[in-house]
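> I'd like to ask some things about the structure below.
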Amino acid sequence: MRKLVVIIIVAILAVLFVQPIRAYRTAQAELTTTRAQLSVVREAKQRAIAERDALGTREMLVREARRRGYIFPGETPFSVGSR
């Protein structure tokens, strides 16, 4: 009789601990995923900051302006293309 009571108590305790353990493992998996996403976002932010800083230089501003079709005063614009 005593063994049966102990077995029942152990079974009840095991059942009670299953859900918290599952929740803990799910939270750990979500944390790992979120940390990986955060790392990707931080890298993208660093690239954007570097690009922003590079655009602040005169060379990059001139390059971007020429790409958009701007010219300096006194220059003659021309277009090279095929028909």
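> Which one of Glu30, Glu59 is loosely packed, with under 10 Cβ neighbours inside 10 Å and among the charged types (D, E, K, R)?
On the way: Glu30 fails: loosely packed, with under 10 Cβ neighbours inside 10 Å.
One residue alone meets the criteria, Glu59.
> Can you find a residue in the range 30-46 that is assigned to a loop (DSSP other than H, G, I, E, B) and either touching a Lys or Arg at 6+ places or on another chain (Cβ under 7 Å) or without any contact (Cβ under 8 Å) to a residue 40 or more places away in the chain (or both)? Walk me through it before giving the result.
Going residue by residue through the range 30-46, those that are assigned to a loop (DSSP other than H, G, I, E, B) are none.
No: the range 30-46 contains no residue that is assigned to a loop (DSSP other than H, G, I, E, B) and either touching a Lys or Arg at 6+ places or on another chain (Cβ under 7 Å) or without any contact (Cβ under 8 Å) to a residue 40 or more places away in the chain (or both).
> Please list, ordered by first then second residue, the pairs with beta carbon atoms under 9 Å, 6 or more apart or interchain, first in the range 58-83 and modelled with pLDDT of 85 or more, second of a type in the set (Asp, Glu) and outside any loop (DSSP other than H, G, I, E, B).
Sorted first by the residue in the range 58-83, then by its partner, the pairs are Tyr70/Glu64.
The values are calculated or read from the model by the stated rules, or taken from the named source; none is laboratory data. Being a predicted model, the structure only gives us computed values, none of them experimental. Cβ atoms come from the backbone with ideal geometry, glycine included; neighbour counts cover every protein chain shown.
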